[in-house]
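Peer 1: Let me begin by handing over the structure; questions about it come next.
Read-outs: derived from the displayed coordinates by stated rules, not from any lab. Just so we're clear, the structure is a prediction, and the values are computed from it rather than from any experiment. Please note: Cβ atoms are built from the backbone with ideal geometry, for glycine as well, and neighbour counts cover all protein chains shown.
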Amino acid sequence: MNSVKPGLFITVEGVEGAGKSTQLSLILKKLESAGIEIISTREPGGTPFAESVRELLLENRDEKVDQITEMLLMFAARSQHLSQLIKPAIAEGKWVVCDRFTDATYAYQGGGRNLGFELVSQLEQLVQGDFRPDKTFYLDLSVEQGMQRVVARGEKDRFEREELDFFEKVRSAYLRLVESNPTRYVVIDASQSLESVQKDLSLALDKLISSHV
Ligand code: TMP
């Protein structure tokens with residue numbers, strides 16, 4: 001009989017430049033120091049095959065990438081990631097921390113690319129069934145502030161080259177998602193000082209850890 005308690009699936013989302021990488025390090029450090037076995041991964045990507053799909057998706061190219069092609073590739077990578085890495089790890093009791101997941105498809109393809117939430121939801125059903133993140137940390141930041149940070153980083157990928165209007169649609173889609181499911185999302189105001197952002201995040205993590213360990 002398998003008596004292992006399944007792990008949690010935690011995702012981190014945000015607009016470009018919201019500071020995901022910095023906050024992800026804090027999340028991993030806190031979970032590790034609480035003695036939780038974790039897997040850190042990302043989307044699109046997370047397995048060798050899905051990372052190849054990521055390269056296809058992010059590479060700058062002359063050919064226009066059709067929006068449906070883009071969305072299908074996001075879900076193709078996700079299906080591989082779920083079956084090969086995420087689900088097995090959770091079944092073994094590990095906590096999986098994922099840098100972006102399907103909320104990003106709602107925000108970027110559903111919102112940014114104007115494909116709408118309904119199409120995304122149909123593919124989500126096909127690829128995930130009822131599988132959803134247990135908790136999602138959404139780092140919220142104005143598009144102007146986010147883009148300033150992206151510019152400071154240098155070289156831009158295919159998404160980062162989009163116009164401000166695209167990112168406004170992405171952000172408002174994220175805010176719609178948060179509103180539709182306030183219990184799953186923890187919204188962190190990423191415009192605050194690093195110290196305040198990390199304080200908010202730490203409090204939310206302490207709550208999560210104490211209710212699940
Ligand atoms: P990253 O820069 O946070 O690693 O994410 C890669 C890019 O992929 C980012 O611009 C957001 C985009 N993306 C989508 O458009 N849809 C998705 O479903 C995911 C997971 C990412």
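Peer 1: Would you please give the FRET efficiency between Gln125 and Ala152, computed as 1/(1 + (r/R0)^6) with r the Cβ-Cβ distance and R0 = 41 Å, to the nearest 0.05?
Peer 2: Here the calculated transfer efficiency is 0.55.
Peer 1: Could I ask something else about it? If the elastic network links every pair of Cα atoms under 10 Å, which of Asp99, Asp165, Asp140 fluctuates the most in the Gaussian network model of the chain?
Peer 2: In the Gaussian network model the winner is Asp165.
Peer 1: Another one. Measure up Lys5/Lys169; Lys29/Lys156; Lys20/Lys94; Lys87/Lys199 against 32 Å on the Cα-Cα distance and list the ones that go over.
Peer 2: Exceeds cut-off: Lys5/Lys169.
Peer 1: A further question follows. Which whole-number percentage describes the relative contact order of the chain, with Cα contacts under 8 Å and a sequence gap of 6 or more?
Peer 2: Relative CO of the chain lands at 32 percent.
Peer 1: Can you compute the helix-only [θ] at 222 nm over the chain? Use -39500 (n - 2.57) per DSSP H run of at least 4 residues, normalise by all residues, nearest 500 deg cm²/dmol.
Peer 2: -15500 deg cm²/dmol
Peer 1: Would you kindly compute the Cα radius of gyration of the stretch 9-212 and its largest Cα-Cα separation (Dmax), both in Å?
Peer 2: Cα radius of gyration and Dmax of the stretch 9-212 are 16.3, 50 Å respectively.
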